[in-house]
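The values are calculated or read from the model by the stated rules, or taken from the named source; none is laboratory data. Note that the structure is predicted; figures quoted are calculated from it, not measured. Cβ atoms come from the backbone with ideal geometry, glycine included; neighbour counts cover every protein chain shown.
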Amino acid sequence: MLNVAAIVMVALAGSAGAPQASAKTEKVEVVAVVGCLREASPNVWTLEQATDPAPSHANAPAPKEVESAPRSGKNQFQLIGVGIFNLPAHRGHTLYVKGVEIKAKPMSRLNITSLTMVTPSCQSGAKPGPG
């Protein structure tokens, strides 16, 4: 019995001094994008003519952020995590969207954390969408 206790103590002492493998955690970055909301197909929402993603935070934007943001760009994003945002009410609006960008080809996605209407219509160059 004494030998088992000695082996356990030696094993514990050896592992206490061993370097611990550090868990690499990737930081999730929230971005802000402004673009035109379209329903690409039933329940598939995109932000078209969208600006380049700008580093941000998950909270809703301050009015100054919305006022100073560019109104359109050349990007397109599929929006995910949309269930609580009542997107049909914002179809064809220019929106300020914050979320986590998921880079992908052919289209990156934004997992939405907040959205704010900028204007009740899109820029005239926006492609018409269904609805």
When you go through (1) at pLDDT 90 or above; (2) under 18 Å from the mean Cα position of the chain (by Cα) one by one for His93, which number turns out not to apply?
(2)
Checklist (1) crowded, with 16+ Cβ neighbours inside 10 Å; (2) without any contact (Cβ under 8 Å) to a residue 40 or more places away in the chain; (3) outside any strand (DSSP E or B) applied to Ile112, failing item
(3)
Going by the structure shown, is Gln123 out of contact with any Asp or Glu (no Cβ under 8 Å at 6 or more places or on another chain), surrounded by 13 or more Cβ atoms within 10 Å (Cβ to Cβ) and part of a loop (DSSP other than H, G, I, E, B)?
yes
Is it the case that some residue within the stretch 49-58 is at pLDDT below 85 and either buried (at least 17 other Cβ atoms within 10 Å of the Cβ) or of a type outside the set (S, T, N, Q) (or both)?
yes
Let me spell it out: the conditions are (1) at positive phi; (2) not in a loop (DSSP other than H, G, I, E, B), and Arg38 meets all of them except one. Which number is the exception?
(1)
Would you check which residues across the stretch 95-109 are surrounded by fewer than 16 Cβ atoms within 10 Å (Cβ to Cβ), in contact (Cβ under 8 Å) with a residue 12 or more places away in the chain and within 18 Å of Lys27 (Cβ to Cβ) and list them?
Ile102
When the residues of the stretch 61-86 are narrowed to those that are under 13 Å from the mean Cα position of the chain (by Cα) and assigned to a loop (DSSP other than H, G, I, E, B), which ends up surrounded by the most Cβ atoms within 10 Å (Cβ to Cβ)?
Val82
In the stretch 34-44, what residues are touching a residue at least 40 places away in the same chain (Cβ under 8 Å) and either loosely packed, with under 12 Cβ neighbours inside 10 Å or under 15 Å from Glu101 (Cα atoms) (or both)?
Val34, Gly35, Ser41
Would you pick out the residues in the stretch 67-77 that are more than 13 Å from Lys98 (Cα to Cα) and not charged (D, E, K, R)?
Ser68, Pro70, Ser72, Gly73, Asn75, Gln76
